[in-house]
Structure formats: C-alpha cells, structure tokens
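The values are calculated or read from the model by the stated rules, or taken from the named source; none is laboratory data. Here the structure is a predicted model, which is why all the values come from computation and not from measurement. Cβ sites come from the backbone with ideal geometry, for glycine too, and all protein chains shown count toward neighbours. Just so you know, the surface numbers come from the protein's heavy atoms only, side chains and all, with ligands and any DNA or RNA stripped out. Shrake-Rupley method; radii C 1.70, N 1.55, O 1.52, S 1.80 Å.
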Amino acid sequence: MSSKGEYRPAEDTFFLLDISSDIAGGRVLEMGCGSCFVLSNIAADFKVGCDLIRPDNLKQELDLVIGDCTRPPFRYASFDHVIFNPPYLPSKVIEDVTVDRGKEGIEVPMKFLRSSLKLVKSGGTIRFVLSSLSNYHKVEDAINKLGLSLSRRERKLFYEYLLGYIVKV
C-alpha cells in the first residue's frame with residue numbers, strides 16, 4: 001500500500017486480470033480500481049476506473065472518476081463489463097481499507113454487485129474476486145436468486161482460496 005492507501009497489485013489483482021483476460025472490445029468499468037493495473041491490461045475500446053483515491057501513476061489511456069463506487073455517476077446499462085477486486089476480508093476492526101471490510105467480508109462486494117447490476121448491459125458480465133474467508137455463499141445465493149448465470153474459479157493461496165466470479169447478465 002502506498003502512503004495514500006493505494007492498493008498495489010497482488011495475487012488477487014492478477015487473478016482478476018486472469019478471469020478478465022478474454023474481454024476484447026466494448027466498454028469496461030473497474031470499480032475500486034486501485035492502481036488501475038487490471039484496467040490497463042484489458043483490451044477494451046473504452047476503459048474507466050472509479051476509486052476513492054487517485055492512483056499515483058495513472059496511465060494516459062484511462063479515464064478515472066474519483067468518488068464512491070457504490071454511487072457511480074454513469075447511466076444505467078452503459079458498460080459491457082464491470083470488474084472489481086473489492087475489500088473482502090472479514091474484520092472486526094478496519095486496519096487496512098484496501099482489504100478489510102466488515103464482519104462477513106462481503107459488505108463492500110455486495111454494494112459493488114448491486115451497483116454493477118444497474119450499470120452493465122444485458123448480455124454483459126460482472127467479474128470480481130472474493131476470499132474463501134468471507135461469507136461468499138451469501139453472495140452466490142444473492143446472484144442465484146436473481147436467476148443470473150454464475151461461474152466460479154478458485155486459486156489456492158497459503159491460508160485461503162481466492163474465488164473468481166463471472167456473472168452473465
């Protein structure tokens with residue numbers, strides 16, 4: 001993490017890039033874009049990031065909105081893909097805002113998911129990463145209740161699994 005609190009690419013960043021590597025063309029929004037590493041490495045026609053903090057080294061080809069990603073200033077159904085690697089670790093106390101987020105670890109991911117559902121076009125995808133340490137079953141249940149197609153990939157780390165989701169809208 002930088003002195004500003006910017007998230008540096010780590011295993012979960014590379015996993016999000018991996019599950020998003022087939023994106024070619026279209027309009028992509030990355031919520032909580034952090035360093036913009038993933039967004040910079042996706043082959044989309046239009047890319048925009050949203051975060052509370054401006055990255056230290058923003059690439060010129062990216063547009064950035066500084067603000068609350070759960071209330072992004074975009075029209076409904078304006079993106080082909082929405083991607084995010086939100087803070088997802090359960091915590092009683094927020095020690096690191098880039099990873100710690102609430103009792104179940106899904107509080108921010110659920111807010112991002114609800115916003116994404118409004119912003120992604122029909123036929124588009126929402127792609128995101130969670131931890132097996134979070135209450136990820138609750139997120140999967142919410143997606144299944146909406147009748148959306150959901151696929152999950154897993155990547156083993158030392159003490160957890162990273163869970164990569166692709167939701168087809």
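Some notes on this structure:
- Three-way shape call for the chain based on the alpha-carbon gyration tensor, with the a/c threshold at 1.5: rounded
- 5 angstrom amide H check on G102, placed H, neighbours 5+ away: S91
- DSSP assigns beta bridges within the chain; of those with both partners inside it, close to 45 percent run antiparallel.
- Each peptide in 18-28, 68-78, 143-153 was scored by the mean count of other Cβ atoms within 10 Å over its residues; highest first, the order is 18-28, 68-78, 143-153.
- The residues of the chain expose, per residue, 51 Å² of accessible area to a 1.4 Å probe.
- Listed by chain and number, the lysines whose C-alpha is less than 26 Å from the C-alpha of K47, apart from same-chain residues fewer than 8 away, are K4, K59, K111, K118, K121, K168.
- Pairwise centroid distance, computed over Cα atoms, of the range 64-84 with the range 101-125, Å: 11
- The range 1-90, accessible surface, carbon-and-sulfur percent (1.4 angstrom probe): 49
- Cross-link partners for K103 among the aspartates and glutamates, with Cα-Cα distance under 19 Å and sequence neighbours closer than 8 places in the same chain left out: E95, E140, D141, E160.
- A simple rule links phi to the HN-Hα coupling: the Karplus curve 6.51 cos²θ - 1.76 cosθ + 1.60 with θ = phi - 60°, which for the range 68-79 gives 6, 5, 7, 9, x, x, 10, 5, 4, 6, 9, 10 Hz, with x for Gly and Pro.
- Rounded to whole Hz, the Karplus (6.51, -1.76, 1.60) HN-Hα couplings of the range 38-43, x for glycine and proline: 5, 4, 5, 10, 10, 8
- The HN-Hα couplings worked out from phi for the range 123-132 by the Karplus form 6.51 cos²θ - 1.76 cosθ + 1.60 (θ = phi - 60°) are x, x, 10, 10, 10, 7, 10, 9, 10, 5 Hz, whole numbers, x standing for Gly and Pro.
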